[in-house]
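Below is one structure, written out as structure tokens; the observations come after it.
The values are calculated or read from the model by the stated rules, or taken from the named source; none is laboratory data. This structure is a prediction, so every number in the text was calculated from the model and none was measured. When we count neighbours, we look across all protein chains shown, and the Cβ atoms used for this are built from the backbone with ideal geometry, even at glycine. Remember, those area values only see protein heavy atoms, side chains included, never the ligands or the DNA or RNA. Shrake-Rupley method; radii C 1.70, N 1.55, O 1.52, S 1.80 Å.
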Amino acid sequence: MRRNHDLLLEAAIDRAGGLAPVVVTSGALAAALLVWERWFHTSVLGLDGSWLGSLAYLPLLWLLSAGSILLARPITDRLDVGRRARLVWDAIAICSILGVAFVVVVVVHDLLFAPPQPTSAPGASYLTDEQGLWPAVRHGFGDSLVAQIVLLPIALLAGIGFRDRTNAPLSEASLPTKPTRDPLTGRHTGSTAALLSRREALQFGAAGTIAAAIGSGGLVTLTTEKAHAAAPVDVTPWLSRGVSLFINEGTKKMIDGTPVYMWGWGFESEGVMERDGLHTPGPVIWTHEGETVELRVTNTLNENHSFVINGVVDSGIISPGETVELQFPAPSAGTYLYQDALNLPVNRVLGLHGALLVMPADRTMRSHPALDLQYWEFTSQWVWIFNEIDPAFNAMAQADRTIKPSRFTRDFVPRYFTINGRMGSLAAHVETAPDTVIEDSLDNPALIRMVNAGIATHSPHMHGNHVYVLSTDQQLEHQIMWKDQVMMKPGVTRDIFLPFNIPPNAVYWPPHPDGAAFLKELHGTDMEGKFPMHCHVEQSQTAGGGLYPQGLVTDWKIK
Amino acid sequence: MTDTDHSNFDDGHGADLEGAGSKAGDHHDFSDPLFFFDSTPVLGSVDTPGRVKPDKRFEMKVYGRKKRMPDGEDIEFWGFEDRENRANKEPILPSSPMRVTEGDIVHVEIKPAKRQHTLHLHGIESDTHNDGVGHTSFEVTGSYTYQFSAGAPFRALGDERPKTRGAGTYLYHCHVNTTLHFQMGMYGSLIVDPIEGPGTAFHNGPTYDIAAERVWAVGEVDPTWRDLGHAAGMKGGDAGLNQFNPVYFHINGQFQPMRRGKTNPRRVISNKSVATEGKVGGEPILIRYAHASYTRHSIWFEGIDSGKLRVEVIASDGRPFDGLAPNFAQPFELTEPLEAAAAERYDFLVTPLKKGSSKATIVSYDWITGKELGVVKTTIRGL
Ligand SMILES: [Cu+2]
Ligand SMILES: [Cu+2]
């Protein structure tokens, strides 16, 4: 089967912890090797030679070191050992591969030029004054073995350095400046940033403006003006510290162009500020078990609102213009719906909802501390919030008319269906929905925290892989089912685990090259490996009564 | 019974076929409401990439015919009809069933004839070009053969699984303007038998009486959608596809009797393709329930209350409850009504404990109001 070499390289770099750690570590290994070799030759063995000549080998050694790192990771990935043992094995594998490569370099060097002459130094017994392959190999192995004294510690230290960054969602202070994967979400932030700049150039030109800010979770917040003059495409930010929320109003454009009045959220947090924003859903607020959540919620509108997480916190009525300060201990690990619980479910469905997620106190990447990490550790995590809109009721809210919940539930005719506030093609492309569309390589499981903030019972359906349903309303399922459909009742949160398996019924994997090429020719872009996720209550696939499938749909992709 | 021969299929977007299928790559405006319409390739006939010799083959033609409802109305249905069922002019609802064995390479050829369709093997996960989704692959008007392997190796949970974890109940359907096409009847069951063959629910799983086994594809019909064309709403305009108001309720196309415009809960569907019976002390009965509509269902066996039946839930969505991973589902006894959402499947192992007949009931609730919309009932008899 055809292999895409770029993707393979990207995957290998990814596995090794990102491009920067690979470059730095391999540089350190190459430099150490060079310096050690020179010092050993001159000071211990009493040989002479030029530093400049050796320096010429630096680029080669650097490349070999990088190659060793990239080769070593996939090998040690197969080992079924704990994290610490894995570090040691990583170092051994890297140094072994580099050691062998170094032998080859020495042998080639000796054959092309001349092998070093033996000296009277005590360690130099492996050198002979003969010419030929055998002495060259002896010289190479000798040097290579001795060099392990410096290589092993460096490989070990470097491993500790980047293993930590790729696996532990530590405090914000420990964040690297440019992670390949966001340590909290596990998402490829590097590629998203690249994608934004490419999009800026290609798609929006000079007329479009993109304001990008790195949120405290290391995520990117962007606003584009050209695509939606009336409603900015907003990425739901993930916030943790010093969060202020603002209950705002405004108009959003539906996919068919219909403007609809909505309630939504502005926010302020460390480094990010969008007080006048109109985010629906609101920012994801995340924390760990055992921590204290502090929130300020301001109602900028002229009617009462509230901020409630069932069983966790209740602001009571927030009057027009009022700001409340909320402080509460993080509840047990899981996904929570926050909402304006006044006039339930009216205010929630009109836009005042979002998600709080609590991660286990031990900082592991799993949905719940009772889940066995061997099976349920995820690589990236996502929040998918579902909602629907009946513009007739939004118009009533705009006119400040009272909406009775009983009437709302009885007469609600949903015309637009959203996932993370977007519908259809806007929700199904990573360019416009980087917080929704999951793209990753095989065996990088994604935890998806699904929240139904709407009024209808949805039935999300995953193509391409079955998912494991881990929990409902923070309660671990005692029977974890392997499903292609997951029932989502209104107000419910459920965590599901998308394993990123090879699609089990594919006759070929990687997919047959003719199929991949055919789809690429048809679509002008790589489609093979891309699968939809959509609600199977198929009315939800419409917008304005038609336009299939411009509703509650997104795509995910095995890269 | 009239053969309308796809008459309703003609007001689709056939005239725009040439315009359709422009490349998504050329098309960067994801906010365009016609994005999917414009970027979904509509092709004639396509060869299956990497075609291999199949172990099982199905050839599905698309039909459109009318069927009489319990209240006397004649209603249009569309569906897929396998070669072997074609002599039968009686409209099939649901579409022709398929049955294969784990490890089979399966070919499903569709021949839409006029307007474009696809066949998505719901729950079967093949590569993208065999997934039958227009916006990620293509739709066809001529023919295409979907290729998949039933029960291929699973690499789940980070370790190598046996080749035998895909036996169960699946639900295939057309994925073009699905809201309409699925509801028009373009769905059917796909059963994957374990390597042991029919009579065993899954590899190393419980056995059942083959003669008593039933698929219950539970569907609902909104007669107002019958006036819509093949591509209704696809180019915009309010086709009303956001509102589903079912009037007729059925299991496998056998309709629940009606009274004053509503389903009559005192009657049952007695047709032998739905109702079943089993010997007390004999092999249990396997019921393969599939939600083939858009409401919320609640499933209950009255024989549990009266001690006539014992019901175990043994699999869902084509995955056995085999408890192979920690916390992973194991078969459990049904003690309260089971709720199911659109397209879910559950396999029930029903053991008759006493002689006599008892009812099985599936109630449909509106997805928003939760209001009861209708009911289907049938019987299970212990002999
Ligand atoms: Cu689908
Ligand atoms: Cu489906």
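Quick look at the values:
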read-out	value
Among the residues listed as A:V486, A:V553, A:V537, the single one being facing another protein chain (nearest Cβ under 7 Å), within 16 Å of ligand 1 (Cβ to nearest atom) and open to solvent by less than 10 Å² (accessible area, probe 1.4 Å)	A:V537
Test for A:P503: is it of a type outside the set (K, R), out of contact with any Lys or Arg (no Cβ under 6 Å at 6 or more places or on another chain), at pLDDT below 95 and open to solvent by 10 Å² or more (accessible area, probe 1.4 Å)	no
Selection within the stretch B:104-119 - over 18 Å from B:W78 (Cα atoms) and charged (D, E, K, R)	B:D104
In the stretch A:245-284, the residues that are under 28 Å from the mean Cα position of the chain (by Cα), crowded, with 20+ Cβ neighbours inside 10 Å, part of a loop (DSSP other than H, G, I, E, B) and not hydrophobic (A, V, I, L, M, F, W, C)	A:T280, A:P281, A:G282, A:P283
Criterion violated by A:N501 - all others in (1) assigned to a loop (DSSP other than H, G, I, E, B); (2) free of Cβ contacts under 8 Å to residues at least 24 places away in the same chain; (3) away from ligand 1 (no atom under 16 Å from the Cβ) satisfied	(2)
Qualifying residue in the stretch B:186-209 (condition: within 16 Å of ligand 2 (Cβ to nearest atom), in a loop (DSSP other than H, G, I, E, B) and within 20 Å of the chain's Cα centre (by Cα))	yes
Single condition A:D443 does not satisfy, out of (1) crowded, with 24+ Cβ neighbours inside 10 Å; (2) under 20 Å from the mean Cα position of the chain (by Cα)	(1)
Identity of the residue in the stretch A:317-334, open to solvent by less than 50 Å² (accessible area, probe 1.4 Å) and not in a strand (DSSP E or B), that ends up nearest to A:F267 (Cα to Cα)	A:S319
Condition check for A:M487: among the aliphatic types (A, V, I, L, M) and within 16 Å of ligand 2 (Cβ to nearest atom)	yes
Hits in the stretch A:429-470 (condition: within 16 Å of ligand 2 (Cβ to nearest atom) and at the interface with chain B (Cβ under 8 Å from one of its Cβ atoms))	A:H458, A:S459, A:H461, A:H463, A:G464, A:N465, A:H466
B:N242 among the polar types (S, T, N, Q) and open to solvent by less than 10 Å² (accessible area, probe 1.4 Å)	yes
Scope the stretch B:335-373; condition within 13 Å of chain A (Cβ to nearest Cβ), within 27 Å of B:F202 (Cα to Cα) and either free of Cβ contacts under 8 Å to residues at least 40 places away in the same chain or part of a loop (DSSP other than H, G, I, E, B) (or both); matching residues	B:A341, B:A342, B:A343, B:E344
Among (1) closer than 23 Å to A:I247 by Cβ; (2) surrounded by fewer than 24 Cβ atoms within 10 Å (Cβ to Cβ) - the single one A:H368 does not satisfy	(1)
From the options B:R310, B:R267, residue that is outside any strand (DSSP E or B) and away from chain A (no Cβ under 14 Å)	B:R267
Residue check for A:N304: open to solvent by 40 Å² or more (accessible area, probe 1.4 Å) and either within 20 Å of A:P237 (Cβ to Cβ) or assigned by TED's automatic domain parsing to the domain that holds A:K252 (or both)	yes
Residue check for B:F255: under 30 Å from A:G546 (Cα atoms) and either among the hydrophobic types (A, V, I, L, M, F, W, C) or within 14 Å of chain A (Cβ to nearest Cβ) (or both)	yes
Those residues of the stretch B:162-173 which are away from chain A (no Cβ under 11 Å) and within 10 Å of ligand 2 (Cβ to nearest atom), in sequence order	B:Y172
Exclusive hit being more than 16 Å from ligand 1 (Cβ to nearest atom) and within 14 Å of another protein chain (Cβ to nearest Cβ), set B:L228, B:L180	B:L228
Filter result (closer than 21 Å to B:M184 by Cβ and part of a strand (DSSP E or B)) within the stretch B:51-69	B:F58, B:E59, B:M60, B:K61, B:V62, B:Y63, B:G64, B:R65, B:K66, B:K67, B:R68
Subset of the stretch A:336-354 [farther than 13 Å from A:G282 by Cβ and surrounded by fewer than 24 Cβ atoms within 10 Å (Cβ to Cβ)]	A:A341, A:L342, A:N343, A:L344, A:P345, A:V346
Output for the stretch A:317-353, where each listed residue is of a type in the set (D, E, K, R) and more than 18 Å from A:T409 (Cβ to Cβ)	A:E322, A:E325
Top-ranked residue in the stretch B:105-135 [being assigned to a loop (DSSP other than H, G, I, E, B), among the hydrophobic types (A, V, I, L, M, F, W, C) and farther than 25 Å from B:P194 by Cβ; ranked as nearest to ligand 2 (Cβ to nearest atom)]	B:V133
Condition met for B:I75 (in contact (Cβ under 8 Å) with a residue 40 or more places away in the chain, within 16 Å of ligand 1 (Cβ to nearest atom) and either more than 14 Å from chain A (Cβ to nearest Cβ) or part of a loop (DSSP other than H, G, I, E, B) (or both))	no
Counted residues, the stretch A:504-559 - those being more than 18 Å from A:G421 (Cβ to Cβ), part of a helix (DSSP H, G or I) and within 16 Å of ligand 2 (Cβ to nearest atom)	2
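Residue-by-condition table, conditions (1) in the same structural domain as A:H288 (by TED's automatic domain parsing); (2) open to solvent by 50 Å² or more (accessible area, probe 1.4 Å); (3) in contact (Cβ under 8 Å) with a residue 24 or more places away in the chain; (4) more than 30 Å from B:M234 (Cβ to Cβ):
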residue: A:Q374; (1), (2), (3), (4): yes, yes, no, yes
residue: A:W382; (1), (2), (3), (4): yes, no, yes, no
residue: A:E388; (1), (2), (3), (4): yes, no, yes, no
residue: A:P391; (1), (2), (3), (4): yes, no, yes, no
residue: A:D400; (1), (2), (3), (4): yes, yes, yes, yes
